[in-house]
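Report on one structure; see the data block that follows.
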């Protein structure tokens, strides 16, 4: 199984969450199996998300080559470029 760790800051968590939830079907279409979202205890607008994905290849396609994701992130108020780390379970 493949995992993806994403970290970024947002303008407003509540607004971001609406945007995140709005692309849940899109993530599923690209192979997402589950997602967990965490906020930093010192800054609730600092997000860490951990995704389980069916394959690394599908995750890479989604996170690096999906125009709908880029648009959704802009609308949701993501600040700067997210840090995206691809992980394999061992």
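Angle, helix 13-22 long axis vs. longest principal axis of the chain, Cα atoms, 0 to 90°, nearest 10? Value to nearest ten degrees: 30. Could you tell me how many degrees, from 0 to 90 and to the nearest 10, lie between the Cα long axis of helix 56-65 and the main elongation axis, the longest principal axis, of the Cα atoms of the chain? Helix 56-65 sits at roughly 40 degrees to that axis.
Label sites at residue 17 and residue 69, each approximated as a point 7 angstrom past Cα along Cα to Cβ, lie 2.3 nm apart. The fewest-to-most ranking of 1, 86 by surrounding Cβ atoms within 10 Å reads 1, 86.
Per the helix-only calculation at 222 nm, which mean residue ellipticity applies to the chain, given -39500 (n - 2.57) for every DSSP H run of n ≥ 4 and division by its residues, nearest 500 deg cm²/dmol?
Details: 4 runs with 36 residues, N = 90.
Dividing the helical sum by the residues of the chain leaves -11500 deg cm²/dmol.
From least to most packed, judged by other beta carbons within 10 angstrom and beginning with the fewest, 66, 41 follow the order 41, 66. Label zone (residue 56, point 7 Å along Cα-to-C-beta; backbone nitrogen cut-off 12 Å) within segment 1-21: 1-4. Per residue, the convex hull spanned by the Cα atoms of the chain measures out at 87 cubic angstrom.
Just so you know, all these numbers are worked out from the coordinates, no wet-lab data involved. No experiment lies behind these values; they were computed from the predicted model shown. All Cβ positions, glycine included, derive from the backbone under ideal geometry; neighbour counts span all protein chains shown.
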